[in-house]
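Below is one structure, written out as structure tokens; the observations come after it.
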Amino acid sequence: PLVKHGHLPSVRHCDTAVFCLCSGFLVYAAALDPELLPVSYYRSILRWSRGWTDKGMTETFRRKGTEFVPCHLHMHPGSCHEYYLKDTLRSWPSFFKMYLPINLIPVLLFKYKQLLTRPRDTLTSLLIHTAWSGTFLTFLAQIAKYVICVLRHWEHKPPPMAGYIPFTAGVLAGLSVLFERASRRRELTLYTIPHFLNGMLLLAQRHHVSTVPFGSILVFMVSTMTLMHAYERERDSLSNLVRGIIKYLVGN
């Protein structure tokens, strides 16, 4: 709404830039400092990585050593280039199947009339969006892993791994969000921002920086206020999913 009414300038691909920044921090945290992430979210990252484990990353990335640790010892078999080419091809079908129910549920809940009146168009759109979502997550995971491998072997230093390596990998991997449509890119950016802010808060607390008491509650209140204001005055600024959920909860 602030951009729409001219209170803030419109910056092209701002959502993509923010997503890349958050992805850089999240990949850094997952690779080197998983305590900065919620346990459930860290486990999700491990599942999306398809084969990387906490033990493998500890031995290869985190634990201080005297010699360089090759990827094939703990992370994957064979060469990095061959492994990631094959793993990219294997990953897409599983991510497509993962996204299919995620995209189908909003259609059944909020677009059931359109599904009944125009089933062919609705299902075609669903499959296309799911295919692009699967492509996005496939390249997000594979680019992050591949760049880490390439930079580690280029630097060829013993662990712990330099922090710029996973951060750079996350930023580059974040560009895969461009496979998604614009509205979906905004949703994904809003999904990563809380994890980024939570990690930064934990870093601040670790370095004894004072925080606001009940700050998380205040942030939740402001966020809810913003959503309800947008629902009342600027509904077009909300995604179909958020708009549908609020409508279901509070009505018109």
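The values are calculated or read from the model by the stated rules, or taken from the named source; none is laboratory data. What you see is a predicted model; the values in this text were computed from it and never measured. When we count neighbours, we look across all protein chains shown, and the Cβ atoms used for this are built from the backbone with ideal geometry, even at glycine. The area values use the complete protein model at the heavy-atom level, side chains included, leaving out ligands, DNA and RNA. Shrake-Rupley method; radii C 1.70, N 1.55, O 1.52, S 1.80 Å.
Only one residue in E82, E67 is of a type in the set (D, E), within 25 Å of A169 (Cα to Cα) and outside any helix (DSSP H, G or I), so which one is that?
Values: E82 fails: outside any helix (DSSP H, G or I).
Selected residue: E67, the only one of E82, E67 that is of a type in the set (D, E), within 25 Å of A169 (Cα to Cα) and outside any helix (DSSP H, G or I).
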* Structure fact -> Taking segment 47-68 and the residues there that are more than 22 Å from the chain's Cα centre (by Cα) and open to solvent by 60 Å² or more (accessible area, probe 1.4 Å), the one that is nearest to L137 (Cα to Cα) would be K55
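Pull up segment 185-197, narrow it to residues that are among the β-branched types (V, I, T) and closer than 18 Å to Y42 by Cβ, then point me to the one that is surrounded by the most Cβ atoms within 10 Å (Cβ to Cβ).
Just the residues of segment 185-197 that are among the β-branched types (V, I, T), to begin with: 189, 192-193.
From what's left, closer than 18 Å to Y42 by Cβ: 192-193.
Numbers: T192: 19, I193: 14.
It comes out as T192.
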* Determine which single condition T135 fails, assuming it passes every other condition in (1) in a helix (DSSP H, G or I); (2) crowded, with 20+ Cβ neighbours inside 10 Å. => (2)
* Asked: Can you name every residue in segment 147-167 that is open to solvent by less than 50 Å² (accessible area, probe 1.4 Å) and touching a Leu at 6+ places or on another chain (Cβ under 9 Å)?
  -> V147, M161, A162, G163, I165, P166
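Give the residue that is surrounded by the most Cβ atoms within 10 Å (Cβ to Cβ), with candidates limited to residues of segment 111-130 that are β-branched (V, I, T) and closer than 26 Å to W92 by Cβ. Please lay out each step first, then the result.
Step one: filter segment 111-130 for residues β-branched (V, I, T), giving 117, 122, 124, 128, 130.
Right, trim to closer than 26 Å to W92 by Cβ and you get 122, 124, 128, 130.
Values: T122: 17, T124: 11, I128: 12, T130: 20.
Within segment 111-130, the match that is surrounded by the most Cβ atoms within 10 Å (Cβ to Cβ) is T130.
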* To do: Give just the number: which of (1) surrounded by 12 or more Cβ atoms within 10 Å (Cβ to Cβ); (2) within 17 Å of the chain's Cα centre (by Cα) does A182 not satisfy?
  => (1)
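What about L32, is it under 25 Å from the mean Cα position of the chain (by Cα) and under 21 Å from T168 (Cα atoms)?
So L32 passes the test.
I need the full set of residues from segment 27-57 which are of a type in the set (S, T, Y), over 16 Å from Y191 (Cβ atoms) and part of a helix (DSSP H, G or I), in order please.
Of all residues in segment 27-57, those of a type in the set (S, T, Y) come to 28, 40-42, 44, 49, 53.
Going one step further and asking which of them are over 16 Å from Y191 (Cβ atoms), we end up with 28, 49, 53.
Residues satisfying the conditions are Y28, S49.
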* Within segment 198-228, how many residues turn out to be open to solvent by less than 100 Å² (accessible area, probe 1.4 Å), part of a helix (DSSP H, G or I) and out of contact with any Pro (no Cβ under 8 Å at 6 or more places or on another chain)? -> 18
